[in-house]
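Take a look at the structure below.
A short reminder: the numbers here are calculations on the coordinates, not readings from a lab. Please read all numbers here as calculations on a predicted model, not as lab measurements. Cβ placement follows ideal geometry from the backbone for every residue including glycine, while neighbour counts extend to all protein chains displayed.
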Amino acid sequence: GFGGLSLTVGGVGMFSGQGYLLFEFGLLILVLTVWQWWRDVIREGTYLGLHTYVVVYGLKWGMVLFIVSEVLFFLSFFWAFYHSSLSPVLEVGSVWPPVGIEVFNPFQIPLLNTAILLASGVSVTWAHHALMEGDWGGGLVALAITFGLGAYFSILQGYEYYEAGFSIADSVYGSVFFMATGFHGFHVLIGSTFLLVCLIRHYLNHYSE
């Protein structure tokens, strides 16, 4: 909790030009917390045999509730976008996109990133079925492909941000765009990290059917 709070407040300070120290401190605490959490999960599930049916059932329902909360979280950003675009106010020129905003071509990087995400969904499903069927090699290849696609997506999004002709401070369009795509990109980074851990664990034969 303290690491997340430090990361959030530090991020606000970083965007406000007040330095990176608090943000880096929060990030360090978060990384250490995640490292210890993964260490305990691997130790309990692989070596101690503590992941019983009841524990696994609880973990599955925890993931379901997490996904539901994420759907509602991103729904708020879509709501903000449609509310602002369907009835643009006078402050943005009564048009959408607002006056002075040079938008991205949706058929370039956005379309490519969409294809990458869809392809990663196919490859991670392949990995899932390979694990269930005991196909060690297929699971390893599929997880590696999925991680590579996630990393490629993050690189392309970083390039897209670098080439953007507007910032988070440029009207409601910039705010909604960078908040929604930024949080989505953050989720991709976290998911790619999880996939990398799964890839390493699969290589070390931590999984069974």
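Values for this structure:
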item: For the chain, built as a Gaussian network whose Cα springs stay under 10 Å, the top-fluctuating residue of His187, His128, His83; result: His83
item: Rg to Rh quotient for the chain, alpha carbon positions, Kirkwood Rh; result: 1.02
item: Rounded Å value of the spacing that divides the Cα centres of segment 126-158 and segment 60-83; result: 25 Å
item: Square roots of five times the Cα gyration tensor eigenvalues for segment 1-50, Å; result: 32, 8, 6
item: Max mean-square fluctuation residue, GNM over the chain, Cα-Cα springs under 10 Å, options Thr125, Thr181, Thr52; result: Thr52
item: Choice from Phe77, Phe104, Phe66 with maximal GNM fluctuation in the chain (Cα, 10 Å cutoff); result: Phe66
item: Rg ratio (alpha-carbon, reference 2.2 N^0.38 Å) - segment 13-98; result: 1.80
item: Segment 151-209: translational diffusion in µm²/s, Stokes-Einstein, Kirkwood Rh over Cα pairs, 37 °C, 0.692 mPa s; result: 245 µm²/s
item: Taking Met14, Met63 and counting other C-beta atoms within 10 Å, the order from fewest to most; result: Met63, Met14
